[in-house]
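Only one structure is covered here, and it is reproduced in the block below.
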Amino acid sequence: MLSYEAIQAFLYQEARAQAEKRWADWLACFADDVTYYMPSWDDDDKLTTDPHNEVSLIYYPSKQGLEDRVFRIETERASSSTPDTRYNRSISNLEVLSQDEGRCEVCFNWTTHSFRYDIVDLYFGTCRYVLDTSGPKPLIKDKYVVVKNDYIHHMLDVYHL
């Protein structure tokens, strides 16, 4: 089982790899069968729950979707990152919700400052990760992101979260 400090260090490493645009290192934090899901808010101010039948802000049912997204970012085929976006994500209020041999569930708050078009935007929300801890290093098996902003002024991408 992982210590609180080891979990925290892993989450910080994932955020730093993303902020430094070390995409191979960032992708190495994810299991091949990861689910990456960011639901949207419906008209009743409730989160959508079914990415197959309701609108999601982001949904990838495997690492292949993340790899495709990174490919688009790196080859400047992503309109969300052209012109280049500067960003940094901070993590706070980390809680270990459950942990047993091979699995750990965590929850934390996040904020991302993003600079694009001479404007600084602030995005904020919560994340729940399920980590596979059965191997030599943790891997993100499930990433569930809730964005709490009322309005999104620019396109969101994986690096905002």
Legend entry - Residue under evaluation TYR129, criteria (1) farther than 16 Å from GLN13 by Cα; (2) in contact (Cβ under 8 Å) with a residue 24 or more places away in the chain; (3) of a type in the set (Phe, Trp, Tyr), criterion not met: (1)
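Does GLU101 qualify as being closer than 20 Å to ALA31 by Cβ and modelled with pLDDT under 95?
Yes.
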Inset, instruction - Identify the single condition in (1) surrounded by 13 or more Cβ atoms within 10 Å (Cβ to Cβ); (2) of a type in the set (Phe, Trp, Tyr); (3) in contact with a strand residue (DSSP E or B) (Cβ under 9 Å, 6 or more places away or on another chain); (4) closer than 23 Å to ARG103 by Cα that TRP41 does not satisfy, given that it satisfies every other one. - result: (4)
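So which residues in segment 44-69 are among the hydrophobic types (A, V, I, L, M, F, W, C) and at pLDDT below 90? Steps first, answer last, please.
Looking only at segment 44-69, we keep the residues that are among the hydrophobic types (A, V, I, L, M, F, W, C), and these are 47, 55, 57-58, 66.
VAL55, LEU57 - these are the residues of segment 44-69 that are among the hydrophobic types (A, V, I, L, M, F, W, C) and at pLDDT below 90.
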Legend entry - Qualifying residue in segment 80-94 (condition: crowded, with 17+ Cβ neighbours inside 10 Å, modelled with pLDDT of 85 or more and either more than 19 Å from PHE30 (Cα to Cα) or of a type in the set (Phe, Trp, Tyr) (or both)): no
Legend entry - Test set (1) crowded, with 18+ Cβ neighbours inside 10 Å; (2) among the small types (Gly, Ala, Ser); (3) farther than 19 Å from ASN149 by Cβ - SER114 fails condition number: (3)
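The values are calculated or read from the model by the stated rules, or taken from the named source; none is laboratory data. Just so it is clear, the model here is predicted, and its values are computed rather than measured. Glycine also receives a Cβ, built like all others from the backbone with ideal geometry; neighbour counts cover every protein chain displayed.
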